[in-house]
1. Does the stretch 135-147 hold any residues that are charged (D, E, K, R) and either surrounded by fewer than 24 Cβ atoms within 10 Å (Cβ to Cβ) or in a loop (DSSP other than H, G, I, E, B) (or both), and which are they?
2. Assess whether residue 6 counts as being under 15 Å from the mean Cα position of the chain (by Cα), open to solvent by less than 50 Å² (accessible area, probe 1.4 Å) and modelled with pLDDT of 90 or more.
3. Being closer than 15 Å to residue 30 by Cβ, crowded, with 21+ Cβ neighbours inside 10 Å and among the charged types (D, E, K, R), is that true of even one residue in the stretch 105-127?
4. Here's a check for you: in the stretch 43-93, which residue that is among the hydrophobic types (A, V, I, L, M, F, W, C) and within 14 Å of residue 145 (Cβ to Cβ) is most open to solvent (accessible area, probe 1.4 Å)?
5. Return the residues of the stretch 9-42 that are of a type outside the set (A, V, I, L, M, F, W, C), open to solvent by less than 50 Å² (accessible area, probe 1.4 Å) and either touching a Pro at 6+ places or on another chain (Cβ under 8 Å) or closer than 18 Å to residue 73 by Cα (or both); say none if nothing qualifies.
6. Out of all the residues in the stretch 57-86, which are modelled with pLDDT under 90 and of a type outside the set (A, V, I, L, M, F, W, C)?
Amino acid sequence: MSGISGYRRVQDFARLTATEVRVLEAVAEGLTNQERAESLSMGKNTYGGRLTSISRKLLVSGRAAQVHTAYLNGQLARPEAADAPAGFFEEDLRLWYLVATTTAKGIGQRINLCEHTARGRIRDLMKRAGARNESHLVKLGHAYRVLGAEVTAR
């Protein structure tokens, strides 16, 4: 499966079911796996099965990439625009995009850092953006309008 999600046509993706959309919305909120399963009244195995199905349908792995891909192809409603709590530098925006499109290991390789250092930079960005985890960072990136089709097209 590809880690990069912004370059496929919408027709390339299988449609998510209503339940899968609700699961992905919970992922985008930054809830823990336990909180997500409980909020959706699902058992752990059912929840895990939905995540696997989402990954197959969206042709990406990783929760952050799934959220980003679903926003780009219209399967998740884009969050309302919001003001960012801080100013972000060009380096932050590149890291944000990489979080939305690849794994931490891949991020480290792309910006010439070890995975540990890349994870530290991601944690710092999440803190400044007010994100609970990487998936929530992607949602906030779409809300702050630093991620999205108009940004990816640049």
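1. Hit for the stretch 135-147 is 145, nothing else.
2. Here the answer is no, as residue 6 does not meet what is asked.
3. Scanning the stretch 105-127 turns up no residue that is closer than 15 Å to residue 30 by Cβ, crowded, with 21+ Cβ neighbours inside 10 Å and among the charged types (D, E, K, R).
4. Ranking the qualifying residues of the stretch 43-93, first place goes to 81.
5. Of everything in the stretch 9-42, those that are of a type outside the set (A, V, I, L, M, F, W, C), open to solvent by less than 50 Å² (accessible area, probe 1.4 Å) and either touching a Pro at 6+ places or on another chain (Cβ under 8 Å) or closer than 18 Å to residue 73 by Cα (or both) turn out to be 19, 20.
6. 61
The values are calculated or read from the model by the stated rules, or taken from the named source; none is laboratory data. Because the structure is a prediction, the values reported are computed rather than measured. Cβ atoms come from the backbone with ideal geometry, glycine included; neighbour counts cover every protein chain shown. Ligands, DNA and RNA are stripped out before the accessible areas are found, and what is left, the full protein with its side chains, is counted by its heavy atoms. Shrake-Rupley method; radii C 1.70, N 1.55, O 1.52, S 1.80 Å.
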